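S.K.: Sharing a structure here in structure tokens format.
The values are calculated or read from the model by the stated rules, or taken from the named source; none is laboratory data. Because the structure is predicted, anything quoted here is derived from the model rather than measured. Quick reminder, even Gly has a Cβ in these numbers, built from the backbone with ideal geometry, and neighbours come from all protein chains shown.
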Amino acid sequence: MAVMAPEHAFRPTYAVPPGETIADLLEEHGMTQTELAKRLGVTLKHVNQVVKGGVSISAELALGLEKVFRVPASFWLNRESLYQADLARQSETHELESHIEWAKRFPVKELRKRGYLPADVSGVELVQALLSFLGVAGPKLWQDPAVAYRKSQRYKSDPFALAAWLRVGELEAGGIDCKPYDADRFIAALQEARQMTRLDPNEWQPRLREVLANAGVAFVVADTFQGARANGATRWLAPNKALIQLSLRYHWEDIFWFSFFHEAAHVALHRKKGIFVDGLALATPGRDAEAKRLEDEADRFAARTLIPEKYEARVRQLPVAEIQTFADELGIAAAIVVGRLQHEGLMHYRESVKYKRRLHFVD
């Protein structure tokens, strides 16, 4: 479910210091600034600066104004707070004007369509809405995934589209209540997930989310954005809560399930060693070989969880006519067997289509 951006609120483009209210009250009471200074026990210069907005109203001064004008101290402190917020907002607006082009590099149209950004904002308001979506206070605090993740010749994603997709996963995962991570329960959940490959998505998707949440892992399937070439992502959102995020980039169920178990391997085997996005491990200088090792290990885990190692020789010699029988014996979807045959170069795409289902997002 999309997290809607905040409703528009009135945001003045000017800031009115609370001192203007003091000036009005002085006129109303026929009182000079000199007399007010004496009553408050402060200098005339201090009163003059407060009236002009050059000095903030302290809690002590607010209590004094309460006694002089019989206006609650809370009123003065609230006016001062609003004034400072308006000043900060004006300063922020000026700063954010230089980041409008930066904001436009994100998949704004799609984010609006999915309800993550208001439909009618532009300019500085677009930058502000985007920062709220990303959960950062300013553009300089946003981290470009192109910097965060190891570069790969095979996968080249638009960093802005990838960042948007990853953030969608975090927001969706925030709405999933999970028990603290339990390694044994997670492995048991994966065995149950393996059996679910035979089911219709309407059956396995809610069940899979439930069993994973009980093991401490949030499971999110989020449509990717154009240019974000990711099948899946894994990261830890908290010490005892992990996130497995998948897209339907290729739609074929065999690719989806392999991606799922690949990402699951990063949770089970590589806990908190980094963030993994569709084969892009979190970059650490001089550790490309280690990153490749972790990816290869995740591939092996996925392959052997779906089709145990003892069956690999049979797969390579499996006649097409026995695919369904073999899949039934293993308790997995025939599409997974077909996917392995294709990967091994033993089956042509045209032959495989009849065994596979395409997965689709449902509104």
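S.K.: Among the residues of region 64-88 satisfying the criterion of being surrounded by 15 or more Cβ atoms within 10 Å (Cβ to Cβ) and of a type in the set (D, E, K, R), which is nearest to the chain's Cα centre (by Cα)?
M.R.: Among those residues, the one meeting the criterion is Asp86.
S.K.: Here's another thing I want to ask about it. What about Asp86, is it among the acidic types (Asp, Glu) and not in a helix (DSSP H, G or I)?
M.R.: no
Yes/no matrix, rows are residues, columns are (1) touching a residue at least 24 places away in the same chain (Cβ under 8 Å); (2) over 25 Å from Val267 (Cα atoms); (3) not in a helix (DSSP H, G or I):
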| residue | (1), (2), (3) |
| --- | --- |
| Leu294 | yes, no, no |
| Phe301 | yes, no, no |
| Ala321 | no, yes, no |
| Thr325 | no, yes, no |
| Ile336 | yes, no, no |
| Leu346 | yes, yes, yes |
| Arg350 | no, yes, no |
| Lys354 | no, yes, no |
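S.K.: Looking at (1) under 23 Å from Ile187 (Cβ atoms); (2) in contact (Cβ under 8 Å) with a residue 12 or more places away in the chain; (3) not hydroxyl-bearing (Ser, Thr, Tyr), find the lone condition where Gly227 falls short.
M.R.: (1)
S.K.: Being surrounded by 15 or more Cβ atoms within 10 Å (Cβ to Cβ) and either among the acidic types (Asp, Glu) or modelled with pLDDT of 95 or more (or both) is the filter here, so list the residues in region 280-296 that pass it.
M.R.: Passing the criteria: only Glu295.
S.K.: Could you go through region 92-115 and let me know if any residue there is in contact with a His (Cβ under 8 Å, 6 or more places away or on another chain) and within 24 Å of Ala163 (Cα to Cα).
M.R.: So far as region 92-115 goes, no, none of its residues is in contact with a His (Cβ under 8 Å, 6 or more places away or on another chain) and within 24 Å of Ala163 (Cα to Cα).
S.K.: Picking from Leu243, Leu212, Leu208, which residue would you name as being out of contact with any Ser or Thr (no Cβ under 6 Å at 6 or more places or on another chain) and either among the acidic types (Asp, Glu) or in a strand (DSSP E or B) (or both)?
M.R.: That would be Leu243, the only listed residue that is out of contact with any Ser or Thr (no Cβ under 6 Å at 6 or more places or on another chain) and either among the acidic types (Asp, Glu) or in a strand (DSSP E or B) (or both).
S.K.: Could you tell me which of the residues Phe256, Phe186 is within 26 Å of Lys113 (Cα to Cα), out of contact with any Ser or Thr (no Cβ under 6 Å at 6 or more places or on another chain), among the hydrophobic types (A, V, I, L, M, F, W, C) and in a helix (DSSP H, G or I)?
M.R.: Result: Phe256 is the single residue among Phe256, Phe186 that is within 26 Å of Lys113 (Cα to Cα), out of contact with any Ser or Thr (no Cβ under 6 Å at 6 or more places or on another chain), among the hydrophobic types (A, V, I, L, M, F, W, C) and in a helix (DSSP H, G or I).
S.K.: I need the full set of residues from region 41-63 which are of a type in the set (A, V, I, L, M), in a helix (DSSP H, G or I) and either surrounded by 15 or more Cβ atoms within 10 Å (Cβ to Cβ) or under 46 Å from the mean Cα position of the chain (by Cα) (or both), in order please.
M.R.: Across region 41-63, the qualifying residues are Val47, Val50, Val51, Ala59, Leu61, Ala62, Leu63.
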